[in-house]
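Below is one structure, written out as structure tokens; the observations come after it.
The values are calculated or read from the model by the stated rules, or taken from the named source; none is laboratory data. Predicted model, so just to flag it, every value in this text is computed and none were measured. Heads up, the Cβs are rebuilt from the backbone with ideal geometry, glycines too, and the neighbour counts pull from every protein chain shown.
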Amino acid sequence: MEKLNRQNAGLENTFPIKVVQFGEGNFLRAFVDYAFQELNKNAGLNAGIAVVQPLQNGMINMINTQDGLYTLFMNGIKKGERIQEIELINNIVKGINPYTEYDSFLALAKEEELQFIISNTTEAGIEYIDTDTPDMRPPVAFPARLTVLLYERFMHFNGDSTKGVTIIPCELINFNADTLKEIIFKYSDLWNLDKGFNTWLTESCSFHNTLVDRIVPGYPRNEIEEYNSKLAYKDDLIVTAEPFFLWVIEGDEALKQKLPFHKTNVNVKIVDDMQPFRTLKVRILNGAHTAMVPFSLLYGNETVKQTVDGDFTGKFVDRVINEISGTLPMDENEVKEYAEEVMDRFRNPFIKHLLSDIALNSVSKFKVRVLPSLLQYYKNNNELPTELVFSLACLIRFYKGTWNGNTLPVKDSPDVVAEFDKAWATGDINHVVNSVLSNTDFWGEDLTLVEGVGAQLVAALSEIENNGVEAAYKNFSKEYQA
């Protein structure tokens, strides 16, 4: 079987470089590069991508060996049906390692048709390091490297306003573009760059906050022979992803013209404000994950799929999502559609998502992802949400650390674990509940002030301890559901 490259694939013509992408990992290749491929196919964008390796050890050599080509397998469930879609991605023109080819990196600034800068350098990537200097080859921080590249472009084209670029970071932090822009201006000041550069950044470039949502398991190491058997070539860069795709970008009509995703079937939303979509994802997808983990582990499940496929546990997750959905101030149909897609994603047979992996830092996750829904439900209905309160009871019980003689996968900071150990050491459920709810370090507020929640948690925990999760839930919900 021939090795994948452009000659063997009959794809020797390449697109002009219109995108510089910081990052070559599985996510960007299964998300951004796929999206631009669809723009090339359906909207005639003709955008080639130059990929910059962000870390010293990376995959650029492998990418260049295959002339930027790789196969994307999209595996999962759509409306209950199992699907697999296969696409050869062909828009990466070159890969550059700035640690060994710094001049080639700087040369990207001079590309006539460059329009977009994309990045995903992990959440820690958008950082300011004040010891970085413009003559380092390369500077340490990603924003410092980007500042150097943008300044090089500004100088090369003499501040030409038509040579500004559209900057779209995909790092998983809120207000990612605002943060990146702020750091670039700090470097401009620190390095005493030409004052016209700041004006060019402001007037000729644009920065766009984003939300990205797609599960990308990546290289299918354990099933690689099976995957390669479906291809007519040998591919060392196969990447797998779920079919679900959501990219929310803050932008205006001008950005919609630059990125005409309306001519494709890719779910990209260019909106004035992405925060409602971020809330939707955090509350439903991440919130349901967090709410199900202690509950399902105590029940005896190991994976997310096992949980949603189970008759008892699956119905519980459904009801959790229903409670959460009712608290969101968005279009009801949009929330319902997203919730249904989330359940399909949870059922994906191609992804083995271990509950123990999601259990990390469950208290802080509950505070951000679930607690706002619980409190909003109470505010809207003047009563507590049965499922979310029961999930909080399971969380408290989970942090006891053992269940039926087995050790539970509690993974959290020593301080958090110590607080739970101290509370549970008393053996008094009333004390445990009061101690946990009143801990403002956990929740950012004193939850004992929420009327009725303490009594309901004591009742739920007593049931769990005496009867196990399933019987406890049935007894608890019978008592507290209208």
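Within region 192-207, the set of residues being part of a helix (DSSP H, G or I) and polar (S, T, N, Q) comprises N198, T199, T202, S204. Within region 430-444, the set of residues being among the aliphatic types (A, V, I, L, M) and without any contact (Cβ under 8 Å) to a residue 24 or more places away in the chain comprises L437 only.
The residues on offer are G23, G80, and the sole one that is surrounded by fewer than 22 Cβ atoms within 10 Å (Cβ to Cβ), under 24 Å from the mean Cα position of the chain (by Cα) and on the phi > 0 side of the Ramachandran plot is G80.
Out of curiosity, is A50 closer than 20 Å to V20 by Cα, at pLDDT 95 or above and crowded, with 20+ Cβ neighbours inside 10 Å? Yes. Of the residues making up region 382-402, at least one is more than 19 Å from V458 (Cβ to Cβ), free of Cβ contacts under 8 Å to residues at least 12 places away in the same chain and among the hydroxyl-bearing types (S, T, Y). Consider region 1-37 and keep the residues that are aliphatic (A, V, I, L, M) and outside any helix (DSSP H, G or I). The one that is farthest from I118 (Cα to Cα) is M1.
Among the criteria (1) surrounded by 12 or more Cβ atoms within 10 Å (Cβ to Cβ); (2) farther than 23 Å from E387 by Cβ; (3) free of Cβ contacts under 8 Å to residues at least 12 places away in the same chain; (4) not aliphatic (A, V, I, L, M), the one G427 does not fulfil is (1). Every test in (1) assigned by TED's automatic domain parsing to the domain that holds R153; (2) aliphatic (A, V, I, L, M); (3) surrounded by fewer than 20 Cβ atoms within 10 Å (Cβ to Cβ) is passed by L39 save one, and that test is (3). Looking only at region 255-275, residues that are in a helix (DSSP H, G or I) and under 24 Å from A47 (Cβ atoms) come to 7 in all. Within region 422-455, if we keep just the residues that are among the hydroxyl-bearing types (S, T, Y) and not in a helix (DSSP H, G or I), the residue that is farthest from the chain's Cα centre (by Cα) turns out to be T426. Does N348 satisfy the criteria of being more than 23 Å from the chain's Cα centre (by Cα) and assigned by TED's automatic domain parsing to the domain that holds L280? No. For region 208-254, a tally of residues being closer than 21 Å to E81 by Cα, assigned to a strand (DSSP E or B) and not small (G, A, S) returns 3. Taking only region 326-382 into account, find how many residues are more than 23 Å from P276 (Cβ to Cβ), of a type in the set (A, V, I, L, M) and part of a helix (DSSP H, G or I). So the count comes out to 3. Could you count how many residues in region 390-421 are assigned to a helix (DSSP H, G or I) and surrounded by fewer than 17 Cβ atoms within 10 Å (Cβ to Cβ)? Number satisfying all stated conditions: 5.
Could you tell me whether any residue of region 57-69 is under 24 Å from the mean Cα position of the chain (by Cα), surrounded by fewer than 15 Cβ atoms within 10 Å (Cβ to Cβ) and either aliphatic (A, V, I, L, M) or at negative phi (or both)? Looking for residues that are under 24 Å from the mean Cα position of the chain (by Cα), surrounded by fewer than 15 Cβ atoms within 10 Å (Cβ to Cβ) and either aliphatic (A, V, I, L, M) or at negative phi (or both), one finds at least one in region 57-69, hence yes. Residue-level check: of (1) of a type outside the set (F, W, Y); (2) without any contact (Cβ under 8 Å) to a residue 60 or more places away in the chain; (3) surrounded by fewer than 20 Cβ atoms within 10 Å (Cβ to Cβ), V368 misses just (2). Counting only residues that are among the polar types (S, T, N, Q) and surrounded by fewer than 24 Cβ atoms within 10 Å (Cβ to Cβ), which one in region 287-312 is nearest to A471 (Cα to Cα)? Filtering region 287-312 for residues that are among the polar types (S, T, N, Q) and surrounded by fewer than 24 Cβ atoms within 10 Å (Cβ to Cβ), the one nearest to A471 (Cα to Cα) comes out as N301.
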